[in-house]
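The structure appears right after this line, and notes come after that.
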Amino acid sequence: MRAIPLVGLVLAAAACGSAPFVPPPPPPDRVYGMKELDEPPEIVLAPPLKYPEGGSDGVVVVRLVIDSAGNPEPSTMIVTRGSDSVLVAAARAMVSQTLFRPGRVRGRVVQALVDIPVEFSLESQPPVTLHVAGDVYRVEDVQERPHLISGPVLTYPAPLLLARVTGRVVVEAVIDTTGQVEEGTVRVIESTDARFNESAKIYLQAAHFTPARIAGRAVPVRFQMPVEFKLPTR
């Protein structure tokens, strides 16, 4: 038997162990929930949203599957909220004609089960709106941006205060429809000194805002805010 050099064995083992693990693609027939998606479906094109004659103000929530091409599957459609028959019929028709960008898991398009709230209000402009429940808007997409109402006392890190170091931290979080910061969404975008980061995150997490709004309706929004650390004046 010919001897194999030890160096060759080591190199072969290293080569075998260096191959990265590649997860299998998502099953094409599986329907994913919103929390399982890496990228949730987004509305690309909606039909004309007209307030139906004979209806009254209210909200209808339509649950259905969005296929991997971004098309709603009418056979899966159920109404989970809403009792006005006129509004329900109008909401179902609007959702069935809406085109979506499909959800994705590990970069692959998948089928997704979503809730679509359709809101009817004659006093709002526009009088009819719809969106994917659980989605988060960009601040550029809302008509009314969040405004800080109150916040805790900002804690200045003692070593930095004694050293008379100032700083600025830009933090980001999702502000929900009540003006509260969603837990787990706070992160640092920019910082002049990383030693200020934790204090800035704690401040934002405890702050309270006016909610963002579209057509008078409160919506969740991803919001950035600078937190300034300035030396106290005498």
- Item | Residue satisfying condition, being in contact (Cβ under 8 Å) with a residue 40 or more places away in the chain, more than 26 Å from Arg108 (Cα to Cα) and hydrophobic (A, V, I, L, M, F, W, C), within set Val65, Val59, Val44, Val31 | Val59
- Restricting attention to segment 151-188, which residues are surrounded by fewer than 16 Cβ atoms within 10 Å (Cβ to Cβ), in a loop (DSSP other than H, G, I, E, B) and touching a residue at least 12 places away in the same chain (Cβ under 8 Å)? Gly151, Pro152, Leu154, Thr155, Arg164, Thr166, Thr177, Thr178, Glu182, Glu183
- With the first residue restricted to segment 122-139 and required to be within 15 Å of Asp176 (Cβ to Cβ), and the second required to be of a type in the set (Gly, Ala, Ser) and surrounded by 14 or more Cβ atoms within 10 Å (Cβ to Cβ), Cβ contacts under 9 Å at 6 or more apart or on different chains are Tyr137/Ala212; Val139/Ala212
- Item | Residue list for segment 97-126, filter: over 23 Å from the mean Cα position of the chain (by Cα) and surrounded by 15 or more Cβ atoms within 10 Å (Cβ to Cβ) | Phe120, Ser121, Ser124
- Unique match (being more than 30 Å from Glu190 (Cβ to Cβ), assigned to a loop (DSSP other than H, G, I, E, B) and at pLDDT 95 or above) among Ala93, Ala69, Ala133, Ala89: Ala69
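Collect the residues in segment 197-221 that are modelled with pLDDT of 90 or more and closer than 30 Å to Val59 by Cα, keeping them in residue-number order. So that I can check it myself, show each step before the final result.
Restricting attention to segment 197-221, the residues satisfying the condition of being modelled with pLDDT of 90 or more are 197-212, 221.
Those that are modelled with pLDDT of 90 or more and closer than 30 Å to Val59 by Cα: Ala207, His208, Phe209, Thr210, Pro211, Ala212, Val221.
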- Query: For Glu228, which of the numbered conditions (1) touching a residue at least 60 places away in the same chain (Cβ under 8 Å); (2) within 20 Å of Glu140 (Cα to Cα) fails to hold?
  - Reply: (2)
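Quick one: in segment 195-222, of everything that is among the β-branched types (Val, Ile, Thr) and in a strand (DSSP E or B), which residue is farthest from Leu148 (Cα to Cα)? First the steps, then the outcome.
Of all residues in segment 195-222, those among the β-branched types (Val, Ile, Thr) come to 202, 210, 214, 219, 221.
Filter once more, keeping what is in a strand (DSSP E or B): 210, 214, 219, 221.
Details: Thr210: 7, Ile214: 18, Val219: 16, Val221: 14 Å.
Checked segment 195-222; the qualifying residue farthest from Leu148 (Cα to Cα) is Ile214.
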- Task: Give just the number: which of (1) among the hydrophobic types (A, V, I, L, M, F, W, C); (2) assigned by TED's automatic domain parsing to the domain that holds Ala46; (3) modelled with pLDDT under 95 does Leu99 not satisfy?
- Result: (3)
- Note on the structure: Within segment 106-130, the residues that are of a type outside the set (Val, Ile, Thr) and outside any loop (DSSP other than H, G, I, E, B) are Arg108, Gln111, Ala112, Leu113, Asp115, Pro117, Glu119, Phe120, Leu130
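Out of the residues in segment 135-147 that are in contact with a strand residue (DSSP E or B) (Cβ under 8 Å, 6 or more places away or on another chain) and surrounded by fewer than 13 Cβ atoms within 10 Å (Cβ to Cβ), which is nearest to Ala200 (Cα to Cα)?
Step one: of segment 135-147, the residues in contact with a strand residue (DSSP E or B) (Cβ under 8 Å, 6 or more places away or on another chain) are 135-139, 141-147.
When the remaining residues are screened for being surrounded by fewer than 13 Cβ atoms within 10 Å (Cβ to Cβ), the result is 138, 141, 143, 147.
On the way: Arg138: 21, Asp141: 26, Gln143: 27, His147: 17 Å.
The residue in question is His147.
The values are calculated or read from the model by the stated rules, or taken from the named source; none is laboratory data. Please read these numbers as outputs of a predicted model, since none were measured by experiment. FYI the Cβ positions are ideal-geometry reconstructions off the backbone, even for glycines, and counts take in every protein chain you see.
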